[in-house]
Amino acid sequence: MKKFFECIGMISLVCVSFFFTEKTARVVKETDNIMVEIKKAAESHVNHSIDAMIKEDTIIPGIYGGIVDEEKSYEKMKRVGSYQENLLVYKKIAPMVSIEKNFDKYIISGNPKKNMVTLLFLVQDNDDTTKIEKILQQKEVKASFFVDGNWFENHNDKIYEWINEEHTVGNLSYGMDYKNSSFIWMDTIIKRVGNQKISFCYNEKPNKDALKLCAANKNYTIRPNIIIAKSPLSEIKLNLVAGSIIALPINQTVEKELPVIIEYIRGKGYKLENLYHHLEEDK
């Protein structure tokens, strides 16, 4: 019995000793100049998340926020022995309302806070994309190509090439008819064979049936805020805003004006990005 109580006493002593040691270490850490500076920085280095904006059947993506991870920042700076702002580590804060899983809404724009714009090319019939691709390469622009099923059948290699070059590929099904059973085949090729994480459908006007079919297959549906009709540069100048998604046909006018369009958009302070990065909230 005596040994039992001695063991209990030893355990209690170890626990108390551990408690006070841990408490002392915590106090030392909290009063360390590095941690004091980190806590000061944490108050001013706060980026609040921005919720996705939903209005009826449309949505604009949100943006992740971030706060300083004090413990990880301390561990990192302690190793170098001083406070260094460039070594601050951040925790990501997801928006309360997100496009994630909101497939049943039309995406009409990227978040304007990101100052991005996407060029979305509609590839149909016998379109030759060679000149467009060359201009994009020369200007170092990542864009998005939305492809019709008939074109898709004859240019599978081009689909993989675009994805590998960090362009985004979208699905127009056959004549934008998403009831066509081959829509699923195209979606499978883009996601599983092309290894593109997310797939996209396209509508210019509200179409509940198409939206429902695309949502059921976890495709986001894009409804651009700028759809070029005749005069690409003029129409863009008239309607361009931060977050714009610009749909362009493949034709000689677009090919001729594209270099000037790119420079005009950049001159307005917007970054040209593919659709995936434009709509990405965690960035």
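Just a yes or no: is a residue in region 134-147 open to solvent by 30 Å² or more (accessible area, probe 1.4 Å) and touching an Asp or Glu at 6+ places or on another chain (Cβ under 7 Å)? Give the steps one after another, and end with the answer.
Keep residues of region 134-147 that are open to solvent by 30 Å² or more (accessible area, probe 1.4 Å), which gives 134, 137-140, 142.
Then drop every residue that is not touching an Asp or Glu at 6+ places or on another chain (Cβ under 7 Å), which leaves 142.
Yes: region 134-147 contains one or more residues that are open to solvent by 30 Å² or more (accessible area, probe 1.4 Å) and touching an Asp or Glu at 6+ places or on another chain (Cβ under 7 Å).
On the phi > 0 side of the Ramachandran plot and not β-branched (Val, Ile, Thr): does that describe LYS218? So LYS218 fits the description; yes. If I filter region 178-207 down to residues being of a type outside the set (S, T, N, Q) and without any contact (Cβ under 8 Å) to a residue 24 or more places away in the chain, which single residue comes out as least open to solvent (accessible area, probe 1.4 Å)? Applying the filter and picking the extreme gives LYS191.
Which of the following residues is open to solvent by 30 Å² or more (accessible area, probe 1.4 Å) and in contact (Cβ under 8 Å) with a residue 12 or more places away in the chain: ASN171, ASN154, ASN150?
Selected residue: ASN150, the only one of ASN171, ASN154, ASN150 that is open to solvent by 30 Å² or more (accessible area, probe 1.4 Å) and in contact (Cβ under 8 Å) with a residue 12 or more places away in the chain.
Can you find a residue that is open to solvent by less than 40 Å² (accessible area, probe 1.4 Å), farther than 20 Å from LEU279 by Cβ and in contact (Cβ under 8 Å) with a residue 24 or more places away in the chain anywhere in region 230-248? Yes, because at least one residue in region 230-248 is open to solvent by less than 40 Å² (accessible area, probe 1.4 Å), farther than 20 Å from LEU279 by Cβ and in contact (Cβ under 8 Å) with a residue 24 or more places away in the chain. Out of (1) under 19 Å from the mean Cα position of the chain (by Cα); (2) modelled with pLDDT of 95 or more; (3) open to solvent by less than 60 Å² (accessible area, probe 1.4 Å), the odd one out for ASN225 is which? With (1) under 19 Å from the mean Cα position of the chain (by Cα); (2) modelled with pLDDT of 95 or more; (3) open to solvent by less than 60 Å² (accessible area, probe 1.4 Å) applied to ASN225, the lone miss is (3).
Looking across region 239-261 at every residue that is among the polar types (S, T, N, Q) and part of a helix (DSSP H, G or I), the one that is farthest from THR58 (Cα to Cα) is identified as GLN252.
The values are calculated or read from the model by the stated rules, or taken from the named source; none is laboratory data. Keep in mind the model is a prediction, meaning the values are calculated, not measured. Virtual Cβ from ideal backbone geometry, glycine too; neighbours counted across all protein chains shown. Just the protein is used for accessible areas: all its heavy atoms, side chains included, with ligands, DNA and RNA removed. Shrake-Rupley method; radii C 1.70, N 1.55, O 1.52, S 1.80 Å.
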